[in-house]
Every structure is written in structure tokens, then in C-alpha cells.
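Report on one structure; see the data block that follows.
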Amino acid sequence: MSLTSVLSADAIDSAIKDCQAPDSFCPKKFFQLCGLSKKSAAEVKKVFSILDNDNSGFIEEEELKFFLQRFCPGARALTDSETRAFLCAADDDSDGRIGVDEFQAMVLS
């Protein structure tokens, strides 16, 4: 399954272009621009499963670093500070990773 089964390629492209510069990535803005924040809870869970590269049930820090590349292979990696900020913003239980419920809460809030 690919992200374009849930999100439009144009919306993904627009969201990627908005955060091309290092340290310009804002998860909430990205979710709005790519259209994910307007999707159903089931669709957000589908996107989570695509982003969970190792199928562990969590998105870990190493997977977050390459978050943008999961949307577009040519996109840049997140900087260390962007990765940490993203993790801190979504990791409600402070276990160092983002579960599906935490991801869904962040996207849909």
C-alpha cells in the first residue's frame, strides 16, 4: 500500500515543498498541507502502518528521521532537532516512540 492510496500526490508534493529548508518542518502544518488531518481515523491508521517501516507497531526515532522520504523518496531527512521535536510532540507516554494512538491524536487534534 502506498501513501497515495490515502492522500493525493499533489497534496503530498505541496507539503514536501513547504518544508524543504532544514529545520522548517512542522508536523501539524505538514499534516494539514498533505490533507492527512482531514482524513478519518481509519485512514490515519493506514498511513501510520505505512510509516511504521519495521512493522513494530511504533514509529521510532530512526524511522522519524526519514519521515519525509516515506512520502516522497527524493525528500530530505529531518534534522536531529526536527526529529526530537516531532517525537516530543507526539510521544504522550514518554517511551521514546510513537504508537498508533499517539500518532492519530497528533494528526487529528
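Counting only C-alpha contacts under 8 Å and six or more residues apart, can you give the relative contact order of the chain as a whole percent?
RCO, the chain: 28 percent.
A Förster radius of 25 Å, combined with the Cβ-Cβ distance separating residue 18 from residue 93, puts the computed FRET efficiency at roughly 0.25.
When the helices of the chain are scored as -39500 (n - 2.57) per DSSP H run of n ≥ 4 and the total is divided over every residue, the value at 222 nm lands at -14500 deg cm²/dmol. Accessible surface of the stretch 8-91, 1.4 Å probe: 52 percent of it comes from carbon and sulfur atoms. Label-to-label distance for residue 41 and residue 69 is 3.3 nm, based on points extended 7 Å past Cα in the beta-carbon direction. Centre-to-centre separation between the Cα atoms of the stretch 1-43 and those of the stretch 45-91: 12 Å. Placing +1 on the Cβ of every Lys and Arg and -1 on the Cβ of every Asp and Glu, with nothing else charged, gives the chain a dipole about its Cα centre of roughly 540 debye.
Pairs spanning more than 19 Å between alpha-carbon atoms, out of 29/65; 28/65; 38/65: 38/65.
Semi-axis lengths, largest first, of the ellipsoid equivalent to the chain are 18, 17, 13 Å, with √(5λ) applied to each eigenvalue of the Cα gyration tensor.
The values are calculated or read from the model by the stated rules, or taken from the named source; none is laboratory data. Just so it is clear, the model here is predicted, and its values are computed rather than measured. Heads up, the Cβs are rebuilt from the backbone with ideal geometry, glycines too, and the neighbour counts pull from every protein chain shown. Side chains included, ligands, DNA and RNA excluded: accessible areas come from the protein's heavy atoms. Shrake-Rupley method; radii C 1.70, N 1.55, O 1.52, S 1.80 Å.
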